[in-house]
Amino acid sequence: MNRITPPHTYSPIEFDYKLPPCTHITLDNGIPLYYVNDCIEPVMHLELVFPAGLWYEPKTGVAQATASLIKSGTANQSSFQINETFEQYGATVKAGAGNDWASLSVSCLTKHLDKLLPLLSSLITEAIFPQHEIDIYIQNAKQRLSVQLKKSDFVANRYIDQYLFGLQHPYGRYTHLEDLDQITRDDLITYCKQHYSSSQCKIFMAGQFNDTDVQLVNQYFGQGKWNETMRNEINHPVVSASEKKYRIQHDEKSVQGSIRMIRSFPEKTHPDFSPMIMLNTLFGGYFGSRLMSNIREDKGYTYGIHTYLYNNMHLGAFILTTEAGKQVCEACVSEIYKEMDLLKYEKVSDEELLLVKNYLLGNLLGDLDGAFQIIQRWKNLILNGFTEDRFYNNIHTYKNITPNDLQLLANKYFVAEDFYELVVT
């Protein structure tokens, strides 16, 4: 090795990206199991995903309460006993519900899988939601909500989605203190049986394991149907607000305000979605973005400003969030629109575009490093109904998008009149 001559460096654009394969099998009862068996350490992660998010809840707060309390007790074990068992084997168990999906997952040493799977299975099939656990959950949730409602950023996040989607829409609805009091044990039991069922379940697994471990998953989750009850298809109308600009006085003593701007954007299946990821990154999606360079580095109005695309199944959106000094909020809003106009009327330089491409593709390399990251990439594809072709089409878009493409996209979506604008001070 000649240590005088440095090794050749490569740009991320030069890499030939490959999505490592994901094995797909079907359990005896029809549940699809997707797994990546590629880890040097004897650890693993197992996640069960259900269409049981806010989109499906019949009453505000039920989806999140069901996910949070599914570990609160079964017919044979109390919440304390369940937590003691998981801690005994050093396992981490998480449950949660988002806008569309709910999940229950366990991370553990592979050798303990046979001890943990029976308990994990019972959480879904034998959950009883004890009333005293529900009471504690509601009390804690009300206390957390009361504290959060004092913060301008929390209030802004609640209102901005309401303006775009409507208060009755699951993407725009938010929880009031009185909603928590309306949650009953029957609500949770019914919701669990309707939505945490074998016919709607998908399982994702990654780590180091063998065929015996896969058979264990089939033994505890693939035998027979469970939680099978009728449920109807749900559609929610969007009722957007007629006004576009809002100013809310929340705390007279505060020294900063929360700025939110949002507009509708097509779902992931739309051809503009992947190119918009590049424009979003350039505009406000990373630390070197246009907005950060101007509003943080140059003007000093904020510590951070970010834009991103909603990752929803049914409706998309493009949103901007930042907190700025109370006295400069309006100036900050003006600068945001100026940056939009610059992207509409001036083409991005090749040098700046190359920097963004390298950033985006470089991050993608990190997302493909290890079995746990790879299965998350596959999960995102599968839950959205995509194949691996989507991954390679995105890579092609990131590598080949041009300044002209970005300018056309900016003129199409960076229209000031289309944005809902909110400042909470």
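Could you identify the single residue in 30, 73 that is touching a Pro at 6+ places or on another chain (Cβ under 7 Å) and of a type in the set (Gly, Ala, Ser)?
On the way: 30 fails: touching a Pro at 6+ places or on another chain (Cβ under 7 Å).
Sole residue among the options that is touching a Pro at 6+ places or on another chain (Cβ under 7 Å) and of a type in the set (Gly, Ala, Ser): 73.
I'm trying to understand the selection: among the residues of the range 314-332, which are in contact (Cβ under 8 Å) with a residue 12 or more places away in the chain and surrounded by fewer than 19 Cβ atoms within 10 Å (Cβ to Cβ)? Let's see the steps before the verdict.
Step one: of the range 314-332, the residues in contact (Cβ under 8 Å) with a residue 12 or more places away in the chain are 314-326, 328-332.
Once the filter is applied, which keeps residues that are in contact (Cβ under 8 Å) with a residue 12 or more places away in the chain and surrounded by fewer than 19 Cβ atoms within 10 Å (Cβ to Cβ), the range 314-332 yields 314, 325, 326, 328, 330, 331.
So which of 104, 180 is among the aliphatic types (A, V, I, L, M) and in contact with a strand residue (DSSP E or B) (Cβ under 8 Å, 6 or more places away or on another chain)?
The match here is 104.
Yes or no: the range 324-345 includes at least one residue that is of a type outside the set (S, T, N, Q), touching a strand residue (DSSP E or B) at 6+ places or on another chain (Cβ under 7 Å) and not in a helix (DSSP H, G or I). Write out each step before concluding.
Of the residues in the range 324-345, the ones of a type outside the set (S, T, N, Q) are 324-326, 328-333, 335-345.
Subset that is touching a strand residue (DSSP E or B) at 6+ places or on another chain (Cβ under 7 Å): 324-326, 329, 332-333, 336.
Now restrict to residues that are not in a helix (DSSP H, G or I): 324-325.
Within the range 324-345, one or more residues are of a type outside the set (S, T, N, Q), touching a strand residue (DSSP E or B) at 6+ places or on another chain (Cβ under 7 Å) and not in a helix (DSSP H, G or I).
Out of the residues in the range 132-155 meeting the condition of being without any contact (Cβ under 8 Å) to a residue 24 or more places away in the chain and β-branched (Val, Ile, Thr), tell me which one is nearest to residue 255 (Cα to Cα). Walk me through how you get there before you give the answer.
Going residue by residue through the range 132-155, those that are without any contact (Cβ under 8 Å) to a residue 24 or more places away in the chain are 132, 135-136, 139-140, 143-144, 147-149, 151, 154.
Still in the running and β-branched (Val, Ile, Thr): 136, 147.
Working: 136: 35, 147: 18 Å.
Here the answer is 147.
Given the condition touching a residue at least 24 places away in the same chain (Cβ under 8 Å), in a helix (DSSP H, G or I) and β-branched (Val, Ile, Thr), answer yes or no: does some residue in the range 156-179 qualify?
Yes; the residues of the range 156-179 include at least one that is touching a residue at least 24 places away in the same chain (Cβ under 8 Å), in a helix (DSSP H, G or I) and β-branched (Val, Ile, Thr).
Which members of the range 392-401 meet the condition of being part of a helix (DSSP H, G or I) and in contact (Cβ under 8 Å) with a residue 40 or more places away in the chain?
Here is the first cut: in the range 392-401, the ones part of a helix (DSSP H, G or I) are 392-400.
Correct list: 392, 393, 394, 395, 397, 398, 399.
Out of the residues in the range 244-289 meeting the condition of being buried (at least 18 other Cβ atoms within 10 Å of the Cβ), within 20 Å of the chain's Cα centre (by Cα) and of a type in the set (Gly, Ala, Ser), tell me which one is nearest to residue 330 (Cα to Cα).
Within the range 244-289, the match that is nearest to residue 330 (Cα to Cα) is 284.
Please give the number of the condition residue 365 fails out of (1) more than 18 Å from the chain's Cα centre (by Cα); (2) closer than 29 Å to residue 255 by Cα; (3) surrounded by fewer than 18 Cβ atoms within 10 Å (Cβ to Cβ).
Just one mismatch for residue 365, condition (2).
Just the residues that are part of a strand (DSSP E or B) and not hydrophobic (A, V, I, L, M, F, W, C), please, taken from the range 241-294.
If we filter the range 241-294 for residues that are part of a strand (DSSP E or B), which is where we start, we get 245-248, 256-265.
The answer is 245, 246, 247, 256, 257, 258, 260, 263, 264.
Matching residues to (1) assigned by TED's automatic domain parsing to the domain that holds residue 151; (2) in contact with a Pro (Cβ under 6 Å, 6 or more places away or on another chain); (3) modelled with pLDDT under 95; (4) farther than 26 Å from residue 147 by Cβ:
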| site | (1), (2), (3), (4) |
| --- | --- |
| 253 | no, no, yes, no |
| 263 | no, no, no, yes |
| 266 | no, no, yes, yes |
| 279 | no, no, no, yes |
| 282 | no, no, no, yes |
| 295 | no, no, no, yes |
| 306 | no, no, no, no |
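Starting from the range 184-201, keep only residues that are closer than 10 Å to residue 52 by Cα, then list their pairs with residues that are part of a helix (DSSP H, G or I) whose Cβ atoms are within a distance under 6 Å, requiring at least 6 positions of separation or different chains.
191/62; 191/66; 192/66; 195/56; 196/124
So if I check each of 380, 404, which one is part of a helix (DSSP H, G or I), in the same structural domain as residue 281 (by TED's automatic domain parsing), more than 24 Å from residue 103 (Cα to Cα) and out of contact with any His (no Cβ under 9 Å at 6 or more places or on another chain)? Before you say what the answer is, go through the steps one by one.
Values: 380 fails: more than 24 Å from residue 103 (Cα to Cα).
Only one candidate passes the filter, namely 404.
Does residue 116 qualify as being touching a Cys at 6+ places or on another chain (Cβ under 7 Å) and part of a strand (DSSP E or B)?
On the way: touching a Cys at 6+ places or on another chain (Cβ under 7 Å): yes; part of a strand (DSSP E or B): no.
When the stated conditions are applied, residue 116 does not pass them.
Mind checking which residues of the range 366-375 are in contact (Cβ under 8 Å) with a residue 24 or more places away in the chain and over 13 Å from residue 202 (Cα atoms)?
Within the range 366-375, 368, 370, 371, 372, 374 meet the criteria.
Within the range 75-109, which residues are surrounded by 16 or more Cβ atoms within 10 Å (Cβ to Cβ), more than 26 Å from residue 142 (Cβ to Cβ) and more than 27 Å from the chain's Cα centre (by Cα)? Even if it seems obvious, please write down each step before you answer.
Pass one, the range 75-109, residues surrounded by 16 or more Cβ atoms within 10 Å (Cβ to Cβ): 77, 79, 82, 85-86, 91, 93, 95, 97-109.
Subset that is more than 26 Å from residue 142 (Cβ to Cβ): 77, 85-86, 91, 105-109.
Across the range 75-109, the qualifying residues are 77, 85.
Mind checking which pairs have a first residue in the range 336-365 that is in contact (Cβ under 8 Å) with a residue 24 or more places away in the chain and farther than 13 Å from residue 277 by Cα and a second that is in a helix (DSSP H, G or I) and of a type in the set (A, V, I, L, M), Cβ under 6 Å, 6 or more apart or different chains?
As it stands, the answer is 337/416; 339/291; 343/410; 344/410; 348/406, since those pairs meet every condition given.
Give just the number: which of (1) touching a Pro at 6+ places or on another chain (Cβ under 6 Å); (2) part of a helix (DSSP H, G or I); (3) surrounded by fewer than 18 Cβ atoms within 10 Å (Cβ to Cβ) does residue 389 not satisfy?
Failed condition: (1).
The values are calculated or read from the model by the stated rules, or taken from the named source; none is laboratory data. As the structure is a computational prediction, the values presented were derived from the model and not from experiment. Here Cβ is always computed from backbone atoms with ideal geometry, including for glycine, and neighbour counts include all displayed protein chains.
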